[in-house]
Amino acid sequence: MHADPLLDFSMFSAPDVSKRSISLPTVSWIVHPQAETYCQQVEPKDGFVARPEGCVYWQIATSRCTLVTRPSTTHSQLGHLLLHCMEGK
């Protein structure tokens, strides 16, 4: 049986503030049918991470995280994307 990465309900510990690239981000959420392509092409950004069905990109100087998902997503997906942004990886 293969686990669906969009339905990950495992517990985790929030990363320590000292290990975050962005500790208190301003978060935006964009819905786009080609989310991964959108994150690759958008500028300016300091980095991005793509996951199945979505991605996130960030700007460290302005403490901004932009989550981008396809029209149908999960709470788990949003959480994973936010953590990637805060950690900057």
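The C-beta contact set for segment 67-81 (first residue under 18 Å from Thr26 (Cα atoms) and in contact (Cβ under 8 Å) with a residue 40 or more places away in the chain, second residue surrounded by fewer than 21 Cβ atoms within 10 Å (Cβ to Cβ) and of a type in the set (Phe, Trp, Tyr), distance under 7 angstrom, 6+ apart or interchain) comprises Leu67/Trp29. Which one of these does Thr62 not meet: (1) at pLDDT 95 or above; (2) polar (S, T, N, Q); (3) surrounded by 15 or more Cβ atoms within 10 Å (Cβ to Cβ)? So Thr62 meets the others, but not (3). With respect to Thr73, determine if the residue is surrounded by 14 or more Cβ atoms within 10 Å (Cβ to Cβ), of a type in the set (S, T, N, Q) and part of a strand (DSSP E or B). In short, no.
With respect to the stated conditions, Val56 is surrounded by 15 or more Cβ atoms within 10 Å (Cβ to Cβ), at pLDDT 95 or above and among the β-branched types (Val, Ile, Thr). Taking segment 35-48 as the range and being part of a loop (DSSP other than H, G, I, E, B) and either closer than 15 Å to Pro25 by Cα or not hydrophobic (A, V, I, L, M, F, W, C) (or both) as the test, the residues that pass are Glu43, Pro44, Lys45, Asp46.
If you go through segment 49-66 and keep only what is in a strand (DSSP E or B), touching a Ser or Thr at 6+ places or on another chain (Cβ under 9 Å) and either of a type outside the set (A, V, I, L, M, F, W, C) or without any contact (Cβ under 8 Å) to a residue 12 or more places away in the chain (or both), you end up with Gly54, Tyr57, Gln59, Arg64, Thr66.
Give segment 34-66 a look and list any residue that's aliphatic (A, V, I, L, M), touching a Lys or Arg at 6+ places or on another chain (Cβ under 9 Å) and under 14 Å from Lys89 (Cβ atoms), or say none. Answer for segment 34-66, where residues must be aliphatic (A, V, I, L, M), touching a Lys or Arg at 6+ places or on another chain (Cβ under 9 Å) and under 14 Å from Lys89 (Cβ atoms): just Val49.
The values are calculated or read from the model by the stated rules, or taken from the named source; none is laboratory data. Quick caveat: nothing in here was measured; it's all calculated off a predicted structure. All Cβ positions, glycine included, derive from the backbone under ideal geometry; neighbour counts span all protein chains shown.
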